[in-house]
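The block underneath contains the structure these notes are about, expressed in structure tokens.
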2 protein chains.
Amino acid sequence: MHTYIGLDFGTDSVRAILVDASGALLSSSVAAYSRWGDGRYCAPADGQFRQHPRDYLEALERVLRTLLDGQDRSSVAAIALDTTGSTPCPTDADGTPLALLPGFEDDPDAMFCLWKDHTAVDEAARLNAVAAEWSEGDFRRFEGGIYSCEWFWSKLLHALRRNPRVRAAAAGWTEHCDWMTGVLAGRTAPTSLPRSRCAAGHKAMWAAEWGGLPSQEFLHAVDPLLDGWRDRLYRDTATADRPVGTIALEWAQKLGLPATVVIGGSALDCHFGAVGAGIRPGLLVKVIGTSTCDLLVAPRLDRCIRGICGQVDGSILPGLIGLEAGQSAFGDVYAWFQRLLGWAGDASLQRLEAEAAAIPPGANGVTALDWFNGRRSPDENPALTGTIAGLRLGTTAPMLYRALVEATACGARAIIDRFAEEGIPVRAVAAVGGISRKSPLVMQTLADTLAVPIQVAASDQACALGAAMVAATAAGDFPTLPDAQQRLAAGFDRVFTPRPELADAYRAIYQRYQSLARTITR
Amino acid sequence: MHTYIGLDFGTDSVRAILVDASGALLSSSVAAYSRWGDGRYCAPADGQFRQHPRDYLEALERVLRTLLDGQDRSSVAAIALDTTGSTPCPTDADGTPLALLPGFEDDPDAMFCLWKDHTAVDEAARLNAVAAEWSEGDFRRFEGGIYSCEWFWSKLLHALRRNPRVRAAAAGWTEHCDWMTGVLAGRTAPTSLPRSRCAAGHKAMWAAEWGGLPSQEFLHAVDPLLDGWRDRLYRDTATADRPVGTIALEWAQKLGLPATVVIGGSALDCHFGAVGAGIRPGLLVKVIGTSTCDLLVAPRLDRCIRGICGQVDGSILPGLIGLEAGQSAFGDVYAWFQRLLGWAGDASLQRLEAEAAAIPPGANGVTALDWFNGRRSPDENPALTGTIAGLRLGTTAPMLYRALVEATACGARAIIDRFAEEGIPVRAVAAVGGISRKSPLVMQTLADTLAVPIQVAASDQACALGAAMVAATAAGDFPTLPDAQQRLAAGFDRVFTPRPELADAYRAIYQRYQSLARTITR
């Protein structure tokens, strides 16, 4: 029986799974990024988060060796992967990240600029200003109408403006998912393989409607430093279910895999997570980690949705519009609080959670806004910050933790409300990711706040599972991706149902959240 | 040479000093309240803070025994004391606090209702509503125009409304400072000694202009439960420099003191602190502890100052108007944060302070409002709460601590600005209290924010020293209280001067504070 490898490059580590054509999980493994783990190349207070390509290469080799240890390698039919994004990196003409070249090894601007890096705020503002006035039409219209500092062009321009050495050396620019796929397929040169439809469409303003990336005239108007970059990048993209090639000889030998292993297309992690969680029209898949990615699919839309992160044909399932929204910080908010408390000693999240669960909804009057990393959706605004109001001398750490949990749930509600206002009702929610399996308080609060049931994906590795489904489809073992979804599904193992007796309490909390949000933003 | 005892009943303990007529400090001692230390009778999350009269009696005996140990008792000429306030308590017809009677020993409503208790919010609202419409004139006009839930009538009414047993048993109601003075003088019955001008004028709407307490018609309009209470309380008050009697036989014997020891009048703690710190026109004395009390004296005023806590003839120095304002939480804000961090482990204030001092002014964009216990001045509003804005994932505990220090300094600035707007300029500030001697970061931030030099009182016990000055005057050893102030002064031992190079930075911080305050309150 054929087996498939799904790889999921997350923020801190890469996870891998090996599944067979019946959906059985044969093996799984994780490998952390070592330089990242040491905090190198980052300046959190300045919003700078960079990752070294060597971290990825080393972790890729480690994770696959562990995954395949003791497994039948000859039955492996395909590999597909996802990564975080937009996580772009400058490359030379061969598509090699600059940080792998002599002289650039320690330059953060020559590395991958992690999704949550917020150093390109000025560049995003410039892009938005020019795009808003552009007479040919707004290139941001399939990306929610606001271009983020977390995205491809903002980061590319920031590096060009800030770093003359990188500017001189960069012949191309790649997304993490594209480069990684190219590494496995042995072809990283810019023109040698189609880019990920998902990454290009959601993060780089690529659209079939205007034949690819935004026009050179537009890019020039943003900054003449962008001259020539449209041609230097790419025109073609492909949905992930299409094979991009077979495994590079080097990697096949290194791992003892057959030379016939198909390399599938790639996407941003949460999109494959949505695939792995069984996304279909009407089911919102919420991939909950340090931040969230909220995904929907819908038949062709006749208009652009306001204030979300994007709507791209085929970015999740071929033939359907993939809609993406998200919260800039979710687990990161809890981690922040844990870090804050951790300054003094041991801040056990488990104990916090247990004590917070004993506090009634409303956190004794404390209301928080979850914008500790800016706001992604609805209506992206990286300048917004976290706020906590209603603090009293009697406010305890568990009350504050509860308020933060409620804040993140309210942030999630604001996104669903926006989809509903735009005519895309959410009938059910599936949750994916560590927090959805580890924190019953967070999930129950989310269900109560959203007022819809939340199914928790049974797989610990929904993104990697989605990647395996994509790999299986790319290998030709299933006629369509939904067929692979059905056959390889891991299902759900827990449902959180809104408690009717607390509906009023949670409505009141959401009203307080909205009221504070209006107060702070007006 | 005569010696004098000054007693200062603070929030957690009573402090005592023994000074001689040359100003030399001969002895000092402290005794904590034991039930209070165990957290009994309090519900911090509900704003309930009560103290048992036995705590005071036991601590009084302990502190005086320790103070006098090895001292020449025969030279003691007088004792005076201050307490926190408004800290009222229901009594029987003999002036004995109900909690000392059988059946009431454990009833929090039969105890002293500590200044910072916030359970009487509804009653304060009712008092304010009726007072605002009262055709005879506004009884609140010498108390800043807003009657606080922390004050005498609010608390009295709250206990009457809430507790039928207390309502049936209460024949009188006393302030902590009046009762304590009565205990030492052996006369606690309601009519047996004049009440403290300071406590009555600042907290109970007593004024010579209307012949005492507010009219019975007014009290009835607030709530018929108040019928009869004007007559049952008192009409006469006296400034603290007047003797109220000599020591009760019981206490003289217990302590080995001469029967001739004069008992001076009493006041609220911070008022004696201002006396001890050498208050004079133009010098604001800021008594900084868990909360602050900000005091000024001024010649007779032709109008009422908006939004402060009171203006009372002779409440600080006889013949001058005593003006009081304050911040509801100051040290309490730092203690809150320490408690919050302490949930996780050891939250050393010293380490916090050291790390926060290394952060530039502005706390990396974090702005806080210091209203964790409501706002006292300017414009009292107990419903306001603490707010922290500008939080980011990179915000650390020391940054947050620094933001809280800046917030309390800005709260202090708002008070000085109000005095200036009302035509009472502050030319210098003297600081009294633990924090002013322990935290250079807080004091330097205060000086930079207020943009005036701050002298720190040399005495650790400015309030008790003020009480000793009052005792010496009451004993007739000095013609006036200012004479005693001059002779017994402990002076200042440190000055914090605003740093001109940081003036712009601190102005910007104060603007951010005001802007957030406007945003949150509008």
Residue check, residue A:430 closer than 24 Å to residue A:151 by Cα and not hydroxyl-bearing (Ser, Thr, Tyr):
no
Being at pLDDT 95 or above, within 14 Å of chain B (Cβ to nearest Cβ) and assigned to a helix (DSSP H, G or I), is that true of even one residue in region A:505-512?
yes
Please go through region B:107-136 and pick out each residue that is part of a loop (DSSP other than H, G, I, E, B), over 23 Å from the mean Cα position of the chain (by Cα) and without any contact (Cβ under 8 Å) to a residue 60 or more places away in the chain.
B:107, B:135
Scan of region B:359-401 for residues that are open to solvent by 10 Å² or more (accessible area, probe 1.4 Å) and away from chain A (no Cβ under 13 Å), ordered by number:
B:361, B:376, B:378, B:379, B:380, B:381
Looking at (1) within 14 Å of chain A (Cβ to nearest Cβ); (2) modelled with pLDDT of 95 or more; (3) surrounded by fewer than 23 Cβ atoms within 10 Å (Cβ to Cβ), find the lone condition where residue B:451 falls short.
(1)
Among (1) crowded, with 20+ Cβ neighbours inside 10 Å; (2) modelled with pLDDT under 95, the one test that residue B:1 misses
(1)
Test: residue B:208 is modelled with pLDDT under 95 and open to solvent by 20 Å² or more (accessible area, probe 1.4 Å):
yes
Tell me whether region B:323-335 contains one or more residues that are in contact (Cβ under 8 Å) with a residue 40 or more places away in the chain, farther than 29 Å from residue B:417 by Cβ and within 9 Å of chain A (Cβ to nearest Cβ).
no
Looking at the structure I just gave you, is residue B:339 basic (Lys, Arg), within 11 Å of chain A (Cβ to nearest Cβ) and either open to solvent by 10 Å² or more (accessible area, probe 1.4 Å) or over 24 Å from residue B:295 (Cα atoms) (or both)?
yes
What are the residue pairs meeting all of these: first residue in region B:36-53, first residue touching a residue at least 40 places away in the same chain (Cβ under 8 Å), second residue part of a helix (DSSP H, G or I) and β-branched (Val, Ile, Thr), Cβ atoms under 9 Å, and 6 or more apart or on different chains?
B:47/B:121
Filter region B:4-21 for residues that are buried (at least 23 other Cβ atoms within 10 Å of the Cβ) and in contact with a His (Cβ under 7 Å, 6 or more places away or on another chain) and give the result.
B:9
Residue that is over 23 Å from the mean Cα position of the chain (by Cα) and closer than 30 Å to residue A:120 by Cβ, where the choices are A:9, A:49, A:104:
A:104
In region A:257-281, which residues are open to solvent by 20 Å² or more (accessible area, probe 1.4 Å) and out of contact with any Cys (no Cβ under 7 Å at 6 or more places or on another chain)?
A:258, A:259, A:260, A:262, A:278, A:280, A:281
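Within 14 Å of another protein chain (Cβ to nearest Cβ), in contact (Cβ under 8 Å) with a residue 12 or more places away in the chain and aromatic (Phe, Trp, Tyr), is that true of residue A:9?
Taking the combined requirement at face value, the residue does not satisfy it.
Rundown of residues vs (1) open to solvent by 10 Å² or more (accessible area, probe 1.4 Å); (2) modelled with pLDDT of 95 or more, yes/no style:
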{"position": "B:171", "(1), (2)": "yes, yes"}
{"position": "B:190", "(1), (2)": "yes, no"}
{"position": "B:194", "(1), (2)": "yes, no"}
{"position": "B:221", "(1), (2)": "yes, yes"}
{"position": "B:224", "(1), (2)": "yes, yes"}
{"position": "B:245", "(1), (2)": "yes, yes"}
{"position": "B:249", "(1), (2)": "yes, yes"}
{"position": "B:255", "(1), (2)": "no, yes"}
Taking the options A:424, A:415, name whichever one is over 26 Å from residue B:332 (Cα atoms), more than 14 Å from chain B (Cβ to nearest Cβ) and not in a loop (DSSP other than H, G, I, E, B).
A:415
Please verify whether region B:428-437 includes one or more residues that are surrounded by fewer than 24 Cβ atoms within 10 Å (Cβ to Cβ), touching a strand residue (DSSP E or B) at 6+ places or on another chain (Cβ under 7 Å) and free of Cβ contacts under 8 Å to residues at least 60 places away in the same chain.
yes
With region A:309-387 as the region, which strands (runs of 3 or more DSSP E) entirely inside it contain at least 2 residues that are closer than 21 Å to residue B:372 by Cβ?
A:367-369
Looking only at region B:22-55, count how many residues are within 14 Å of chain A (Cβ to nearest Cβ) and either outside any strand (DSSP E or B) or buried (at least 19 other Cβ atoms within 10 Å of the Cβ) (or both).
7
Scope region B:276-303; condition over 21 Å from residue B:334 (Cβ atoms) and out of contact with any strand residue (DSSP E or B) (no Cβ under 8 Å at 6 or more places or on another chain); matching residues:
B:302, B:303
Is there a residue being under 20 Å from residue B:328 (Cα atoms) and open to solvent by 20 Å² or more (accessible area, probe 1.4 Å) anywhere in region B:496-514?
yes
Could you tell me whether any residue of region A:152-159 is in contact with a Pro (Cβ under 8 Å, 6 or more places away or on another chain) and surrounded by fewer than 24 Cβ atoms within 10 Å (Cβ to Cβ)?
no
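The values are calculated or read from the model by the stated rules, or taken from the named source; none is laboratory data. Computed from a predicted structure; not experimentally measured. Cβ coordinates were reconstructed from backbone atoms using ideal geometry, including for glycine residues, and neighbour counts include every protein chain displayed. Remember, those area values only see protein heavy atoms, side chains included, never the ligands or the DNA or RNA. Shrake-Rupley method; radii C 1.70, N 1.55, O 1.52, S 1.80 Å.
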